[in-house]
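Student: Starting off with a structure, shown below.
The values are calculated or read from the model by the stated rules, or taken from the named source; none is laboratory data. All values reported here derive from a predicted model rather than from experimental measurement. All Cβ positions, glycine included, derive from the backbone under ideal geometry; neighbour counts span all protein chains shown. Please note that ligands, DNA and RNA were not included when accessible areas were found on the heavy atoms of the full protein model with its side chains. Shrake-Rupley method; radii C 1.70, N 1.55, O 1.52, S 1.80 Å.
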Amino acid sequence: STMRERMTTDPLQSADPLHSSTDLSEGKEKLRLKQEVGLISGVSLIAGTMIGSGIFMSPEWVLHHMGNPASSLLIWAACGLLATFGALSYAELGTIIKESGGEYIYILRIFGSFPAFIFAYTSVILVRPAGLAAVCLSFAEYAIAPFYPGCSSPQVVVKCTAAACILILTIINCLNVRLATSVMNIFTAAKLLALLVIVVGGLVLLAKGQTQSFQNGFQGTTAGIGTVGVAFYQGLWSYDGWNNLNYVTEELKKPEVTLPRALMIAIPLVTCLYLLVNVSYLAAMTPSELLSSGAVAVTWGDKVLGSWAWLISLSVALSTFGSSNGTFFSGGRVCYIAAREGHMPDILSMAHVRRLTPSPALLFTSAMSLIMIVSGSFSSIVNFFSFMAWLFYGMTISGLLYLKIKKPELPRSYKVPIIIPIIVLLAAVYLVLAPIIDQPQIEILYIILFIFSGIIFYFPLVHFKCHHHCLQRVTLHLQLLLEVAPTTRDAN
């Protein structure tokens, strides 16, 4: 059949190395992805994915929803704290369930097949491709802006450039894991340098006394629960990626050590940079100037760097490209792991026999992202993405609380205080419900209907395994064409 059958009496058994199963024939060499992600690459994957288009585009939206500089800075700090708490909770999950796949594998092992399929269906078809498309469109906007001075870039050129970005990322990630991580390391260093330039420029402006944006900083604060929730969406978009290392656990060197350390280095570093960058923006611009800016970083560059402002456009393009690479790297793994567990077509669970990369899953993610590029605005994609993401983050964190209370005997090399996942769960509930209660929108209904449409596919294809025999021939031909073979999970 084209989807694998996976049946266990206890979903958590597969997280235990003693119960890890394989689906290759006995006596055959087992194919695994390489463990090539160390501490530096892990920090680069987290920080490199987090620092993307958000910090260069979201500040104006956070300020717009909150109404003043001081409360917007509080939102940025709260988002960083929430991302840190979420990452610490995920670190414990990653040391209990040492498999790649992030939320998908945790939901599968804790809650079972159906919720995990709904997550995989939603994430692989919609959420991950939409997020990647948004970042690549941001890259395209900044990359081609210097070629169209004084006017907006043609949408056809923007979308073609974004599509080219996705195709380049596909080639890089399909060729070699080490090449993909090297690209992440290089671009992470470049974007950190760009943010440091903005931070230093802001500190110089503050030293010269440009503090007018911070006077009466809380005046006109917005207090609606829905508005604050949407402001969090925009801020958290810039922090998205804090959980990316959990998607590649099987490719980590010493995951029980690397995972918590990389999280504790990357996320506080990014949070401090984001706060300082926002202060720098407000030092260079008045709130009204910031709100009217289509590209905050470029406006900052024009005001502070003068003739060197083109460096900011280049830096943002490099930053968004690096972030796209990290999103693509981890997003392809969700598709790959879901297929390996029988929730996606079998071909997507295979890896290239020589390069040891999940190339079919990466190609599928690339195709879905290319489709997403044709429509959608930055702001609408961010709100849609954040609603879906925090719905499943909440489910995953509730799974951790279940394990801490009901299965404290499970071996784990790292434990997070129980109050931290409780705070993250309460925040997730607020972020999901607040915009619905305060400002209900028809788009939310469409999202919920899409989630439940997964039922149509789950029962015939996964539960009852109704597969047409011709799919087996298609899988065989694709295997030969792509030079791929089935893989087994790595029992760390």
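Student: First select every other residue whose beta carbon is under 15 angstrom from the beta carbon of GLU103; then total the charges, Lys and Arg +1, Asp and Glu -1. Each step should come with its number before you reach the end.
Tutor: Values: positive: ARG109, ARG128, ARG333; negative: GLU92, GLU99, ASP240, GLU341.
So the environment of GLU103 carries a net charge of -1.
Student: Looking at segment 199-307, which chymotrypsin sites (Phe, Trp or Tyr not before Pro) are in a loop (DSSP not H, G, I, E or B) and have at most 15 other Cβ atoms within 10 Å? Provide the component values of the computation, followed by the final result.
Tutor: Details: sites: PHE214, PHE218, PHE232, TYR233, TRP237, TYR239, TRP242, TYR247, TYR274, TYR281, TRP300; in loops: PHE218, TRP242.
Listed in order of number, the matching sites are PHE218.
Student: Same structure, new question: For the chain, which span is the longest to avoid every loop-located (per DSSP) member of GluC sites (Glu not before Pro) having at most 15 other Cβ atoms inside 10 Å?
Tutor: Numbers: sites that count: GLU5, GLU26, GLU29, GLU409, GLU483.
By the stated rule (loop sites, at most 15 other Cβ atoms within 10 Å), 30-408.
Student: What trypsin sites (Lys or Arg not before Pro) does segment 172-268 have in DSSP loop regions with at most 14 other beta carbons within 10 Å? Don't skip to the answer; put the middle values down first.
Tutor: Details: sites: ARG178, LYS191, LYS208, LYS253, ARG261; in loops: LYS208, LYS253.
Counting only loop positions with at most 14 other Cβ atoms within 10 Å, the trypsin sites (Lys or Arg not before Pro) in segment 172-268 are LYS208, LYS253.
Student: Whenever you get a sec, compute what percent of the accessible area on segment 39-478 sits on carbon and sulfur atoms (1.4 Å probe).
Tutor: Details: 11790 of 16530 Å².
Whole-percent figure for carbon plus sulfur exposure: 71.
Student: Residue farthest toward the positive end of the dipole of segment 380-469, with Cβ of Lys/Arg at +1 and Asp/Glu at -1: which of ILE419, PHE452, SER386?
Tutor: Positive-most Cα among the choices belongs to ILE419.
Student: Can I ask one more? Can you bin the chain into rounded, prolate or oblate? Criterion: square roots of the alpha carbon gyration tensor eigenvalues sorted a ≥ b ≥ c, rounded for a/c under 1.5, prolate for a/b above b/c, oblate for the rest.
Tutor: Taking the square roots of the gyration eigenvalues as a ≥ b ≥ c, the chain is prolate.
Student: For segment 414-492, which chymotrypsin sites (Phe, Trp or Tyr not before Pro) are both in a DSSP coil and crowded by at most 10 other Cβ atoms within 10 Å?
Tutor: Details: sites: TYR414, TYR430, TYR446, PHE450, PHE452, PHE457, TYR458, PHE464; in loops: TYR414, PHE464.
Passing both the DSSP loop test and the Cβ count: PHE464.
Student: Could you state how much accessible area ILE436 has, in square angstrom rounded to the nearest 10, with a 1.4 Å probe and all protein chains kept in place?
Tutor: Probe radius 1.4 Å; accessible area of ILE436 about 60 Å².
Student: Explain nothing, just the number: dipole magnitude of segment 242-326 about its Cα centre with +1 on each Lys and Arg Cβ and -1 on each Asp and Glu Cβ, in debye rounded to the nearest 20.
Tutor: On the way: 4 positive and 5 negative charges, 34 e Å.
In debye, rounded to 20, segment 242-326 gives about 160.
Student: If each DSSP helix of 4+ residues adds -39,500 (n - 2.57) and the sum is divided by the residues in the chain, what number results at 222 nm, nearest 500 deg cm²/dmol? Present the calculation step by step, with values, prior to reporting the outcome.
Tutor: On the way: 20 runs with 321 residues, N = 492.
Theoretical 222 nm ellipticity from helices: -21500 deg cm²/dmol.
Student: For segment 39-478, what is the accessible area per residue in Å² when the probe is 1.4 Å? Display every interim value, and only then the final one.
Tutor: Numbers: 16530 Å² over 440 residues.
So segment 39-478 comes to 38 Å² accessible per residue, rounded to a whole number.
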